[in-house]
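Below you'll find the structure, written out as structure tokens, and then a few comments.
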Amino acid sequence: MDRQSLYYTFGRCGDSAVFRPSTGSENGRKERLLPARASLKFSKNGLDGKAMSPPLEIRLLARTDLPFADSLRARAGWNQTPVDWERFLALAPEGCFLALWNGAPAGTATTMVYGPELAWIGMVLVHPDFRRRGIGGALLRRCIAHLQSRGVRCIKLDATPDGKPVYASLGFKAEWTLTRWERAAAPSKPAMRDPRVRTWQTSDAEAIEPFDAAAFGVSRRQLVETLAKQSRCGLVLETEPGRVAGYGLLRDGSRALYLGPIAAMASDVAAGLVEALLERGGEEKIFWDIPDQNAAAVAWAGQHGFTAQRSLTRMYLGENAAPGNSQKVFAIAAPEVG
């Protein structure tokens, strides 16, 4: 019996706990859990009546679940789109999960494996009608078990202030902080176009991989290639013909355009990309998530009319052997993927 197919129901009988293991599903595709906050009914003599079936089930997320998943996203006011959900499934079909409570869809979580050094957890959402039942924690434990079964040594996520204590209770440690910056919709201002900036080409994925991996911590080429194809605008900057020194993407969101990821070998390269991408954003609202340690990017946000909206904490579980360099990250890819 493996770790992923084991569950326990538990409660208090006097001074002793009652545990009931189940064989579950050997391939880990379905798991029934009774979260810590749930309880069983007890009589004076112990369990009351027949054995109860745990109300919580966690299974793989399917394409047919995506309308529900996106409805959770909309309730939370997050900026992802249906295209993002499709990408989560396409890149990690065995790592996206749906929680059901007594058969009703209740929550979601996604994962992304970049390699044995690093994986990511995102889109942990629970419907308001099913909160305070331990569903979020159960989804997190399912994600962790899945990633550890893949041999991943470090798991990261970007935590909201409310989520941070939950993740800390599972062993996650704070790495650094980042801030979401927002530029309201407004008439665009003409800007000088840097002649070194050009449109992203498919072949650029290979050129940007070394410095993007140095900034992020590990290679995420597959993700960047996919994001570039789905972006409103993808740009690179060549310091000389054929020498790509930075790239950036501007993507559609449900609430605003999203600026990122942006990685570059030097801050002047990133500045040229930011100017060009913001110009292409026109008059639309834009979100921009910046590591607080990147003082140059923070300063540019203020200069371009962005205001700070919320703070997140990047956290990790395990051996953080590939931390990357936040000074070279001028915009993250997104909280759900890093």
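Taking residue 126 as meeting all but one of (1) within 22 Å of residue 64 (Cα to Cα); (2) without any contact (Cβ under 8 Å) to a residue 60 or more places away in the chain; (3) in contact with a Leu (Cβ under 7 Å, 6 or more places away or on another chain), write down the number of the exception.
Going through the list (1) within 22 Å of residue 64 (Cα to Cα); (2) without any contact (Cβ under 8 Å) to a residue 60 or more places away in the chain; (3) in contact with a Leu (Cβ under 7 Å, 6 or more places away or on another chain), residue 126 breaks only (3).
Is it the case, given these coordinates, that residue 263 is assigned to a helix (DSSP H, G or I) and hydrophobic (A, V, I, L, M, F, W, C)? Reasoning before the result, please.
Details: assigned to a helix (DSSP H, G or I): no; hydrophobic (A, V, I, L, M, F, W, C): yes.
When the stated conditions are applied, residue 263 does not pass them.
In the list 209, 284, which residue meets the criterion of being outside the structural domain of residue 85 (by TED's automatic domain parsing), more than 18 Å from residue 335 (Cβ to Cβ) and either in contact with a Leu (Cβ under 6 Å, 6 or more places away or on another chain) or crowded, with 21+ Cβ neighbours inside 10 Å (or both)? Working first, answer last.
Details: 209 fails: either in contact with a Leu (Cβ under 6 Å, 6 or more places away or on another chain) or crowded, with 21+ Cβ neighbours inside 10 Å (or both).
284 is the lone residue from the list that is outside the structural domain of residue 85 (by TED's automatic domain parsing), more than 18 Å from residue 335 (Cβ to Cβ) and either in contact with a Leu (Cβ under 6 Å, 6 or more places away or on another chain) or crowded, with 21+ Cβ neighbours inside 10 Å (or both).
Counting just the residues of segment 313-338 that are under 22 Å from residue 184 (Cβ atoms) and either at pLDDT below 95 or surrounded by 22 or more Cβ atoms within 10 Å (Cβ to Cβ) (or both), which one comes out nearest to the chain's Cα centre (by Cα)? Steps first, answer last, please.
At the first step, the residues of segment 313-338 found to be under 22 Å from residue 184 (Cβ atoms) are 330-332, 334-335.
Filter once more, keeping what is either at pLDDT below 95 or surrounded by 22 or more Cβ atoms within 10 Å (Cβ to Cβ) (or both): 330-332, 334.
On the way: 330: 18, 331: 14, 332: 11, 334: 6 Å.
Top of the filtered list is 334.
Only one of 160, 108 is among the hydroxyl-bearing types (Ser, Thr, Tyr) and assigned by TED's automatic domain parsing to the domain that holds residue 82; which?
Numbers: 160 fails: assigned by TED's automatic domain parsing to the domain that holds residue 82.
Matching residue, one of 160, 108: 108.
Restricting to segment 162-181, give me the number of residues that are at pLDDT 95 or above, assigned to a loop (DSSP other than H, G, I, E, B) and out of contact with any helix residue (DSSP H, G or I) (no Cβ under 8 Å at 6 or more places or on another chain).
Total satisfying the criteria: 2.
Name, by its number, the condition in (1) closer than 30 Å to residue 145 by Cβ; (2) crowded, with 21+ Cβ neighbours inside 10 Å that does not hold for residue 263.
(1)
Going by the structure shown, is residue 244 more than 25 Å from residue 118 (Cβ to Cβ), modelled with pLDDT of 95 or more, of a type in the set (A, V, I, L, M) and touching a helix residue (DSSP H, G or I) at 6+ places or on another chain (Cβ under 6 Å)?
no
Quick check on segment 152-187: of everything there that is of a type in the set (A, V, I, L, M) and surrounded by fewer than 17 Cβ atoms within 10 Å (Cβ to Cβ), which residue is farthest from residue 284 (Cα to Cα)?
Filtering segment 152-187 down to residues of a type in the set (A, V, I, L, M) leaves 152, 155, 157, 159, 166, 168, 170, 174, 178, 184-186.
So of that shortlist, the ones also surrounded by fewer than 17 Cβ atoms within 10 Å (Cβ to Cβ) come out as 166, 168, 170, 174, 184-186.
Working: 166: 35, 168: 37, 170: 39, 174: 33, 184: 7, 185: 5, 186: 7 Å.
For segment 152-187, the residue satisfying everything is 170.
Take segment 189-206 and flag every residue that is surrounded by 13 or more Cβ atoms within 10 Å (Cβ to Cβ) and either in a loop (DSSP other than H, G, I, E, B) or touching a helix residue (DSSP H, G or I) at 6+ places or on another chain (Cβ under 7 Å) (or both).
Within segment 189-206, the first condition is being surrounded by 13 or more Cβ atoms within 10 Å (Cβ to Cβ), and the residues that meet it are 194, 196-198, 200, 204-205.
Selection gives 194, 196, 197, 200, 205.
Which one of the conditions (1) surrounded by fewer than 18 Cβ atoms within 10 Å (Cβ to Cβ); (2) at pLDDT 95 or above; (3) within 30 Å of residue 230 (Cβ to Cβ) does residue 29 fail to meet, given that it meets all the rest?
Unmet for residue 29, out of (1) surrounded by fewer than 18 Cβ atoms within 10 Å (Cβ to Cβ); (2) at pLDDT 95 or above; (3) within 30 Å of residue 230 (Cβ to Cβ): (2).
Do you know which residues across segment 207-234 are part of a helix (DSSP H, G or I) and either more than 24 Å from the chain's Cα centre (by Cα) or among the hydroxyl-bearing types (Ser, Thr, Tyr) (or both)? Quick ask: steps written out before the conclusion?
Residues of segment 207-234 part of a helix (DSSP H, G or I): 207-216, 221-230.
The answer is 207, 226.
Tally the residues that are touching a residue at least 40 places away in the same chain (Cβ under 8 Å) and farther than 16 Å from residue 56 by Cα, restricting the search to segment 89-123.
Residues in segment 89-123 being touching a residue at least 40 places away in the same chain (Cβ under 8 Å) and farther than 16 Å from residue 56 by Cα: 13 in total.
Regarding residue 271, is this residue among the aliphatic types (A, V, I, L, M), crowded, with 22+ Cβ neighbours inside 10 Å, modelled with pLDDT of 95 or more and part of a helix (DSSP H, G or I)? So that I can check it myself, show each step before the final result.
Details: among the aliphatic types (A, V, I, L, M): yes; crowded, with 22+ Cβ neighbours inside 10 Å: no; modelled with pLDDT of 95 or more: yes; part of a helix (DSSP H, G or I): yes.
So residue 271 fails the test.
Taking the stated definitions as given, is residue 140 closer than 19 Å to residue 98 by Cα and not assigned by TED's automatic domain parsing to the domain that holds residue 98? Can you show your working first?
Details: closer than 19 Å to residue 98 by Cα: yes; not assigned by TED's automatic domain parsing to the domain that holds residue 98: no.
Spelling it out, it is not the case that residue 140 is closer than 19 Å to residue 98 by Cα and not assigned by TED's automatic domain parsing to the domain that holds residue 98.
The values are calculated or read from the model by the stated rules, or taken from the named source; none is laboratory data. Worth saying up front: this structure is predicted, and the values here are computed from it rather than measured. Virtual Cβ from ideal backbone geometry, glycine too; neighbours counted across all protein chains shown.
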